[in-house]
Amino acid sequence: MSNAPLALFDSGVGGLSILREIRRQLPHEDALFFADQAHVPYGPRPLEEVRRYAVGITRFLLAQGAKLIVVACNTASAAALHHLRATFPDIPFVGMEPAVKPAARSTISGAVGVLATPATFQGALFASVVERFANGVQVVEQTLPGLVERIETGDLQGPETRAILERALEPLLAQDVDTLVLACTHYPFIIPLIQELAGPEVRVVDPSPAIARQAGRLLEQAEAAAGRQGPGRVTFYSSGDAAALARMARRLIGEQGQAVDVRWQEEQVVPLDC
Ligand code: DGL
């Protein structure tokens with residue numbers, strides 16, 4: 001048993017969709033949530049740059065005592081998961097992998113759409129998932145330029161968010177896609193709008209419950225689950241504005257916690273007052 005915190009990180013508020021599930025499934029765990037809002041969005045950046053950020057954030061979270069790290073970002077998982085596991089072999093990592101497997105199993109039309117950032121599609125992880133699990137099903141890639149930025153501002157259904165989605169969904173629906181894989185952790189917050197625009201027959205696959213289950217399994221295996229009975233606490237770190245992040249957390253997932261500002265100093269994350 002261990003009452004050390006588990007940790008999650010993302011470029012921004014997207015990882016809160018994973019935190020929500022972790023809080024539901026593992027309510028006794030303390031959680032550190034890190035949003036690299038000085039660098040959001042990660043999606044258009046080179047993989048190598050995102051990898052450097054992921055390493056700096058991981059070092060910071062380990063220094064705060066994290067016992068497990070959830071890379072709550074598809075882009076950072078594509079860029080860095082393999083590297084993180086090799087660099088920090090003593091810490092369990094849970095990463096995001098586009099949920100092509102369940103989508104390919106359940107499609108009836110034989111075409112599934114994957115919604116993700118450009119960097120996620122470039123990574124070897126995506127190619128390997130398609131190769132292993134598509135199983136003859138057509139996998140249609142779609143990016144949504146500007147959408148992460150809209151969600152960061154809390155715009156979940158305004159005209160600009162709607163326009164980006166309409167543009168992105170049109171070619172997918174024209175190709176008879178009946179299943180949409182959300183392969184960016186920002187997107188679960190706009191599922192109602194996606195469902196409205198895509199229509200009720202289209203199935204939307206949100207991987208967050210499976211990610212939280214995997215975190216729970218790894219903690220059990222490592223005999224590192226929290227021993228306390230009461231609810232765990234959440235701490236919000238941001239390289240942008242931690243108070244604003246905490247406000248968004250309250251609004252998006254009903255979660256409260258201490259807000260701590262951090263900043264980048266060369267390749268390192270340090271507390272703001274350092
Ligand atoms: N939420 C992230 C993801 O899952 C990052 C999006 C971004 O920063 O572009 O890919």
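What follows is calculated from the coordinates using simple rules that are stated; it is not laboratory data. Keep in mind the model is a prediction, meaning the values are calculated, not measured. Counting neighbours? That spans all protein chains shown, and the Cβs are built from the backbone with ideal geometry, glycine included.
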Testing GLY56 on (1) over 30 Å from ASN3 (Cβ atoms); (2) touching a Phe, Trp or Tyr at 6+ places or on another chain (Cβ under 8 Å); (3) not aliphatic (A, V, I, L, M), one condition comes back false. Which one is that? (1)
Looking at the structure I just gave you, is PRO118 within 15 Å of the ligand (Cβ to nearest atom), surrounded by fewer than 21 Cβ atoms within 10 Å (Cβ to Cβ) and of a type outside the set (Lys, Arg)? yes
Could you say whether any residue in region 120-130 is under 19 Å from LYS101 (Cβ atoms) and part of a loop (DSSP other than H, G, I, E, B)? yes
Residues being touching a helix residue (DSSP H, G or I) at 6+ places or on another chain (Cβ under 6 Å) and surrounded by fewer than 16 Cβ atoms within 10 Å (Cβ to Cβ) - total across region 141-150: 1
Going residue by residue through region 22-43, is there one that turns out to be part of a helix (DSSP H, G or I), within 16 Å of the ligand (Cβ to nearest atom) and in contact with a helix residue (DSSP H, G or I) (Cβ under 7 Å, 6 or more places away or on another chain)? yes
Candidates VAL260, VAL205 - the one that is touching a residue at least 40 places away in the same chain (Cβ under 8 Å) and either within 22 Å of GLY15 (Cβ to Cβ) or not aromatic (Phe, Trp, Tyr) (or both): VAL205
Among (1) loosely packed, with under 14 Cβ neighbours inside 10 Å; (2) part of a loop (DSSP other than H, G, I, E, B); (3) in contact (Cβ under 8 Å) with a residue 12 or more places away in the chain, which single condition is PRO89 missing? (3)
